[in-house]
Amino acid sequence: MNSPICVTNIFVTNRKQTASFRIVSLMLAIAPLWLMLAAADTLGYAQNSSPADWTEFHRDNMQRWNPYETTIGVNNVGNLGLKWAAFIGTPTPSVVANGVAYVGTIDGAVYALNASTGTVLWSNEIGGILLSSPAVANGVVYIGSFDHNVYALNASTGAKLWSFTTGDQVESSPTVANGVVYIGSDALYALNASTGAKLWSYPAGVSSSPAVVNGVVYVGSGANVYALNASTGAKLWSFATGSFVVSSPAVANGVVYFGSADRNVYALNANTGAKLWSFTTGDQVESSPAVANGVVYIGSNDGNLYALNASTGAKLWNFATGGRASSSPAVANGVVYIGGTNEYALNASTGAKLWNFAFGTNGSPVVVNGLVYDGSGNQLFGFGLGAGGGADLFLQVQPSTTTVHQGDLLTFAFPVWNLGPENAVHEVLNTRVPDGTTFDYVRISGTPGLGTCSTPPYQGTCQIVCHENAAMASNTTWTVRLTVKVTGPPGTFINVIAATMADAPDPNMVNNTAVVTLKVQ
């Protein structure tokens with residue numbers, strides 16, 4: 001399957017610098033918004049990534065640590081704000097290469113976005129559920145799907161180059177080394193990165209993501225961690241824990257670090273598999289570790305992020321995230337980032353909280369060139385330096401009736417208020433024609449300047465993106481009215497979801513989204 005999204009060159013960006021945004025939880029259960037605005041970005045980006053990029057889940061050093069980050073640090077991370085948010089569907093952990101962020105979504109689409117603005121450059125609905133993080137190497141994006149396939153896509157266009165069918169769903173994220181793609185499914189597979197031809201496989205069901213260092217592949221499977229020869233797949237050693245291992249190993253200075261559902265964090269000799277130390281947390285450890293400057297950072301389902309001495313396993317500090325800390329931390333320039341009930345930035349030396357953003361996430365952040373990327377709900381976020389505050393937008397969805405029948409014309413009003421105190425500039429409303437209906441027409445009313453909308457054709461389906469053409473003053477409103485024809489039979493649920501954003505900072509983004517559900521009688 002190689003179907004693009006139904007409207008091309010669609011994106012949404014948001015330069016709001018805000019400290020609080022909680023995604024409406026119902027969004028997770030509704031078909032995602034492919035809500036983006038038309039862009040003029042080109043696709044002529046380079047094929048070779050920079051050393052500062054984060055091209056795969058582990059990063060190329062297999063440590064989830066970016067030693068090249070210099071823009072954001074301990075002294076200024078408190079000034080992080082939201083630069084943009086892209087409504088793409090529930091995202092996998094993202095990667096960044098050559099100024100492009102690549103990410104999969106749970107509904108089977110892969111996106112390439114401008115890493116600075118969130119502009120969607122291309123998308124490809126490859127199919128299946130995607131939990132795998134992409135990997136990018138030599139102009140190719142690799143990703144696994146629950147449809148049992150591993151895909152290779154052209155990094156510039158999204159076109160499928162090849163696919164390889166495994167024996168089961170693919171949750172594992174790929175690692176690319178020396179022209180080989182290593183990825184887990186019903187077995188650990190080594191594939192030719194250019195052709196997708198299988199080089200070898202090792203018969204062990206794998207959910208964790210392999211790490212490849214010095215010609216050895218380290219990966220969790222069942223209750224074990226394996227070390228395999230990267231060229232042949234021959235087993236070098238294995239280590240048994242007390243329960244399943246979904247934590248993806250990190251490797252640093254000849255030591256393999258990982259967590260287990262037996263509540264322990266382990267450090268093993270990378271050459272022999274001998275246990276060097278273990279540290280017991282209060283619950284299962286599904287998080288994958290980050291290793292930087294002699295410290296192992298890893299979350300536990302007991303709600304804590306732990307910092308452990310990499311040589312001894314001694315606890316240096318812990319931080320309570322307020323929820324299950326199953327996401328994987330990232331480290332850059334003296335700061336540790338982790339998702340939980342909030343996105344947190346902590347002092348890597350002390351564990352002191354330096355910054356947080358309240359949107360609720362179990363994503364795994366990455367840090368590249370002064371931006372922090374992570375996802376929550378149906379959105380991927382880009383955070384950068386800068387403060388905010390100003391125009392509080394408030395959105396509602398109001399159906400013309402709550403009793404609908406097949407063949408009815410149904411109108412949804414989307415009033416947007418600017419609660420102030422500042423003007424809202426370049427306001428945008430994003431929605432789509434809901435399933436079970438077809439597009440009839442759209443109208444805009446409200447503040448002077450009205451606006452413009454991109455819509456599907458008459459009786460079509462897909463995205464609707466409306467721009468308010470003037471600055472929206474405090475305590476004013478504009479309204480988009482969408483009329484659709486009900487085509488679904490009785491019992492069909494019509495789910496409408498919308499979001500609004502503007503260039504002005506917004507101090508309270510919790511009211512920027514709205515949903516409504518109707519049932520055909």
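Key figures
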item: Residues of type lysines that Lys315 reaches as a straight line, Cα spacing below 27 Å, ignoring anything fewer than 8 places off in the same chain; result: Lys275, Lys353
item: Cα-based reach from Lys519 at 18 Å (exclusive), listing lysines while leaving out same-chain residues under 8 positions away; result: Lys485
item: Sequence-distant residues sharing a close amide H with Val180 (under 5 Å, placed H); result: Ala193
item: Packing-based exposure ordering (other Cβ within 10 Å, fewest first) of Val367, Val442; result: Val442, Val367
item: Whichever lysines have a C-alpha closer than 17 Å to that of Lys83, once near sequence neighbours (fewer than 8 apart) are set aside; result: Lys16
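No lab work stands behind these numbers, since they all come straight from the coordinates. None of the values given here were measured: they were computed from a predicted structure. We place every Cβ from the backbone using ideal geometry, glycine too, and count neighbours over all the protein chains shown.
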